[in-house]
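First comes the structure, then the notes that go with it.
Readers should treat all values here as calculations from the given coordinates under stated rules, not as data from a laboratory. Here the structure is a predicted model, which is why all the values come from computation and not from measurement. Methodologically, a virtual Cβ is constructed for each residue, glycine included, from the backbone with ideal geometry; neighbour enumeration extends over all protein chains shown.
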Ligand code: NAD
């Protein structure tokens, strides 16, 4: 990675006081969780219009659960990588105030995000809880047998679903609104590992930019919104965060 760009990003981080991170599936690929659109991604084997559609789930949840069981096993085996830890470290330094993520894997929390007061906004929900789509009852992940059945069913006969957002579903109440407010307050937004193809999450960097934040993009490839980035650090998020945090620590 270009040392000058890393140093420039580090200077911006050190001079900022309200950093917001915005992460997508790409931050977790180095932890062993494939993104959806990459060549080994889940979408190459599971058609999202069937396996991740809320309308389809309401008719037949078995396809969704076939895919989700695989994803849960992968997520349970995954550990945070230097990008998750770097974000948690910036919070500990008092710089980073909010973590906005499209991910459901809870690796930010496992890396220590949220411990020093940053708020976490999981735009697409989280894999750690289930709910009945009929009566709304919530269940802990270990309260429901999902392995020995085609799909789990509630006592009320409704289908049980993880509290993750499928295509065709609304985002969890209040979460997007909270994330927008954080982007309005941010003096620096760090976007890590999102293709920025999924709406409405993908307009958050432009909200931060409009309200005056400096924007840093960290991604393995170009995105459709690159013109928003003041600095684009191109490469693997874990590697880049390792260098970036060293440079930040040299400056403080
Ligand atoms: P995406 O799959 O559309 O895009 C991922 C982006 O990250 C791509 O631009 C890719 O080039 C980049 N990337 C991949 N590996 C990277 C790395 N090591 N370093 C830097 N960049 C890397 O992801 P999205 O924009 O988050 O949208 C996909 C949706 O799927 C999201 O809504 C998310 O909820 C969900 N999802 C979540 C997980 C998870 O929780 N880990 C995994 C897969 C999908």
Query - Folded to 0 to 90 degrees: helix 175-185 orientation relative to the chain principal axis, Cα - result: 10 degrees
Report task. Just round it to a whole percent: the fraction of Cα-Cα distances in segment 150-252 exceeding 18 Å. Result -> 61 percent
Report summary line: Taking N as the residue count of the chain, its alpha carbon Rg divided by 2.2 N^0.38 Å gives 1.03
Report task. Report, in degrees rounded to the nearest 10, the 0 to 90 angle that the Cα long axis of helix 62-77 makes with the longest principal axis of the chain. Result -> 40 degrees
Requested in this report: Could you bin all the Cα-Cα distances of segment 60-140 into 5 Å bins starting at 0 and give me the percent of pairs in each, rounded to whole numbers?
Outcome: 3, 14, 20, 22, 17, 11, 8, 5, 1, 0
Requested in this report: Using only Cα atoms, find the angle between the long axis of helix 3-14 and the longest principal axis of the chain, and express it within 0 to 90 degrees, rounded to the nearest 10.
Outcome: 80 degrees
Query raised in the report: Along the principal axes of its C-alpha atoms, what lengths does segment 92-227 span, in descending order and rounded to whole Å?
Result: 51, 32, 28
Report summary line: The exposure ranking of 225, 93, fewest beta-carbon neighbours within 10 Å first, is 93, 225
Report summary line: Taking N as the number of residues in segment 9-129, the ratio of its alpha carbon radius of gyration to 2.2 N^0.38 Å works out to 1.19
